[in-house]
Structure formats: structure tokens, C-alpha cells
Amino acid sequence: MSKNIQQIKSLIKKECSKGLIADWFFSVHLLGVEKFAKWLLSKLPKANKEIVMLGVWLHDLQRIRGLKGDHQKIGAREAEKVMKQFGYNKLTIDKVQKIILSHSCFNDQKPKTVEGKILATADAMAHYHNDFYLQIAVTGQRSLKGYKEWVLEKLDRNYNVKICFPFAKKKIKARHDLFKKVFTMK
């Protein structure tokens, strides 16, 4: 990992500890996204690793900084600020912003580049291999019915839209099916 990426990872870890995001977010979500991004990069070696890893650490800045508004647009704007601090050029900043803008796959805005597909896929895969859904459940922000509806929508979008590679879907399928079964029990 490049020196800049390591420093950005440290910056994000520090920002996550400020209390504007749940204390589990760095260790549960972001480290999960990193793990799956690295796995995907090993399967797709022609992808630009620097762009992907910048996306990994910067894609949730809107949430990390507790900023209101559009998750992807504000995240991309905040990512630009960080990358400028680290001396990244306009081309790199633009590429990273594009993958951040499409990582949630909302409103038919899907990633077009392999790097964008890796970020969206890694973000989705991270939700299946830790206690992400349990951590959100204990916040009590939704009724049980509302929470189940939210999880089922997120599972569907993660598996059917965000996971862009058949080999990644295959790796997640058993867990996806299990989560669906659990959240549809009555």
C-alpha cells in the first residue's frame, strides 16, 4: 500500500474516532470493504489499485464527518478535499470522485469502470461478512418492521445490483440466502 493510502487510512481512522459515526464503523465496515477490495484486486489485476484504495477509504466521508445531504455527492466533494491535501492530480481526483458517486448504485447510477465496480462490490460484500446488520439494528432508529424492510431492500440491491462480478456473487450467495431467510421469518 502506498504511503499516501496508509496516511489517508490513518486520517479516516482518526476521523471515525471523533464520535460523529458509530464506534464500530471503521473496524466493521471500512476494514471489511478494504478486505474485499484487496480480494477483488487479486482477481482483477489490471484495475488501478490506487484508485480503488482511495475509493475504499474515502467513499463514506459524508457519514464519517456527520454531514447532512446526498451521501455520494457530499462524499465525492469531501474526498476531493482530502486528495488535494495529499497532492493528487485532477485526473486521479476525478476518477475517485466518479467511483464514489456510483458506489451505492442508486437511481440507475451504476459504476462504469472496473475500479468503480470493485468499490461497489467490496462495499456490498462487506455487509455480509461481519455484524453490520446487527450493529445497525441496535441503534433502534427503525421499528422492527421498518428495519426488516430496510434490510431486505439493502440485501436485494447489494446482491442484485452492487455486486458486479459473477465470481463475487458466487462467494456471497450462501450468506445472502441465509440473511434473506432470517429477515423474512415471521
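Coordinate-derived values only; no laboratory data. Here the structure is a predicted model, which means the values were calculated and not measured. Don't worry about glycine lacking a Cβ; one is built from the backbone with ideal geometry, like all the others, and counts go over all protein chains shown.
Worth a mention:
- Stokes-Einstein D (µm²/s) once Rh is taken as the Kirkwood radius of the chain over alpha-carbon pairs, at 37 °C in 0.692 mPa s: 196
- The simple spin-label model puts a point 7 Å past each Cα toward its Cβ; for Asn160 and Leu67 those points are separated by 3.2 nm.
- In this structure, the residue pairs whose Cα-Cα separation is over 26 Å, taken from Lys14/Lys35; Lys68/Lys173; Lys14/Lys162; Lys84/Lys162, are Lys68/Lys173; Lys14/Lys162; Lys84/Lys162.
- Listed by number, the DSSP H helices of the chain that run 15 Å or longer by alpha-carbon position along their axis and have mean Kyte hydropathy of at least -0.5 are 31-43, 90-102, 114-126.
- For Asp108 and Arg77, the FRET efficiency from 1/(1 + (r/R0)^6), where r spans their Cβ atoms and R0 equals 30 Å, is about 0.90.
- For the range 3-183, averaging the sequence separation of C-alpha pairs within contact (under 8 Å, six or more residues apart) and dividing by the residue count gives a relative contact order of 22 percent.
- This ranking places Trp57, Trp24 by how few other beta-carbon atoms lie within 10 Å of each, fewest first, which gives Trp24, Trp57.
- Multiplying the residue separation of Asp94 and Lys181 by 0.36 nm and removing their Cα-Cα distance gives an extension gain of 27.3 nm.
- Gap separating the Cα centres of the range 35-73 and the range 1-31, nearest whole Å: 12
- The range 58-100: translational diffusion in µm²/s, Stokes-Einstein, Kirkwood Rh over Cα pairs, 37 °C, 0.692 mPa s: 325
- About its Cα centre, the chain has a charge dipole of approximately 320 debye under the convention of +1 per Lys or Arg Cβ and -1 per Asp or Glu Cβ, with nothing else charged.
- Pairwise FRET efficiency - Leu11 versus Leu31, Cβ, R0 = 22 Å, nearest 0.05: 0.90
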